[in-house]
Amino acid sequence: MLLFLVLGIFGSAVHYHFLCEISDKKYFARMVGISYGLAILLQFLNNSLISSAPAEQLLLCAAFLFIVFSLFRFQHREAGNNSRMPEPTACASSDNTDSQHKLPAPSASGALPQLVLLIFLVIFMTCIFSTLDNTVTLGHADGTMDIGQWPRVLLACSGLAAGFLFDLHNRRFMNLIMYCIMMLSTLSVAILQLGGSFLIGLIVFYLSSGFFVVFFTTSFLALSEDTRCPRLWAGMGRAVNNGGAALVSNLSLSLIASDNGITLIITALVLFATVSILIAAYSMLNAPGVQTETGGTMTHKMQAACEANASHDTKSSSGNDSSASTASDISSDPDYPQNTPHADPFSTFSTAFSLTDREQSVFDQLVNTEKSIQEIADSLFISRRTCQRYITSIYEKVGAKSRMGLYQSYIEWQRKNL
């Protein structure tokens, strides 16, 4: 029991480390799918090529020590970054903020509603997958078919495919794809209970399992950035999945062993109906909103605020920070629209520099308020570390080296383009 607890803690730390290392969230699912696929392939090679038990144990110990070393190195680097990260100095006075673009205030609940729905969604999905898993496992135990090691290759391929498919159009269709996979898995449970092909059920199970793992891992990682404690939520997907499987495995095995196929099919259909309701609610709550030209998204509420502030006057000032040259380079791009009538400076600036919707929220606080990093993080219901990463990303995209430089780049860009 203690070993599983330690492994769970390390697993959660690895998920958080992964979250912090991935800078381009546009390919979140793809990176998760590649990582999962490579891990399954290594597991397959370990079981297939290494026949000596001591050699397998030595390899596992080496992998474990490598993970521990990587985590300690990451913690040391994170502590160094936090100590070197200067507190941004105020650059926008309260007298000027009224004429600036203002984003809607974040919800007091943050990402909590999405997380609660996602937890229940993963639990009910786990019930269906656990039932399909037990059906395949019992079929193997009865001698229906010798599974062997080859399905692991199928599992790795499904994880890779899921990552690339989920990332299409900024993960706009991820929930829909996962819903289709759940429908296929539910049908497979019914087919197996009605005496259908065991091979079909086996293939569907391993194909759908890879999609499911990439789905809940990506979903929790993406939402964890909008929480006060991303360390807790980054690896919550695996914890919820394992907990749900532990709760329903015995009941599922009892239903399968009772040879009451009709009851099991009805149960699977009820679970699928519940999943349908939950995934619809989750998709509505987690809607991507309006797609921007750069691949990011802007919520309908943010878009309305941009349109409402389109007629506001902008500040007129100049700065001598060298970072303003980056804004000039973008503004001189012939492919970028110049002097667009009634253009909102905030939204057009964000589009020009490919700021994501969350980076726009942080940027708004940086140039329109005198809040410190901690105050910005608290107002957006995210951790200080996450807020710092957003600020660093904004600086890199705009070419600024300080908060004052960012402000001057913004003003200079408005003067030349609007």
(Q) For region 208-232, give me the residue count where each residue is at pLDDT 85 or above and either over 24 Å from residue 165 (Cα atoms) or part of a loop (DSSP other than H, G, I, E, B) (or both). (A) 1
Q. Is it true that some residue in region 177-191 is at negative phi and outside any helix (DSSP H, G or I)?
A. no
Q: Say whether the condition of being at pLDDT below 85 and among the polar types (S, T, N, Q) is met by at least one residue in region 243-251.
A: yes
Q: Hey, can you tell me all the residues within region 242-262 that are of a type outside the set (A, V, I, L, M) and surrounded by fewer than 21 Cβ atoms within 10 Å (Cβ to Cβ)?
A: 242, 243, 244, 249, 250, 254, 258, 259, 260, 261
Q | Checklist (1) closer than 20 Å to residue 219 by Cβ; (2) at pLDDT below 80 applied to residue 18, failing item | A | (2)
Q: May I ask you to list the residues in region 46-59 that are in a helix (DSSP H, G or I) and either surrounded by 12 or more Cβ atoms within 10 Å (Cβ to Cβ) or under 27 Å from the mean Cα position of the chain (by Cα) (or both)?
A: 46, 47, 48, 55, 56, 58, 59
Q) Out of curiosity, is residue 119 at pLDDT 55 or above, in contact with a Ser or Thr (Cβ under 8 Å, 6 or more places away or on another chain), assigned to a helix (DSSP H, G or I) and not acidic (Asp, Glu)? A) no
Q | Subset tally (residues that are of a type in the set (S, T, N, Q) and either out of contact with any Leu (no Cβ under 9 Å at 6 or more places or on another chain) or surrounded by fewer than 14 Cβ atoms within 10 Å (Cβ to Cβ) (or both)) for region 275-289 | A | 1
Q. From the residues in region 21-34 that are modelled with pLDDT of 85 or more and of a type in the set (A, V, I, L, M), which one is surrounded by the fewest Cβ atoms within 10 Å (Cβ to Cβ)?
A. 34
Q: Confirm whether residue 224 is over 19 Å from residue 124 (Cα atoms), touching a Leu at 6+ places or on another chain (Cβ under 8 Å) and surrounded by 22 or more Cβ atoms within 10 Å (Cβ to Cβ).
A: yes
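The values are calculated or read from the model by the stated rules, or taken from the named source; none is laboratory data. Quick caveat: nothing in here was measured; it's all calculated off a predicted structure. So basically every Cβ, Gly included, is an ideal-geometry build from the backbone, and we count neighbours across all protein chains shown.
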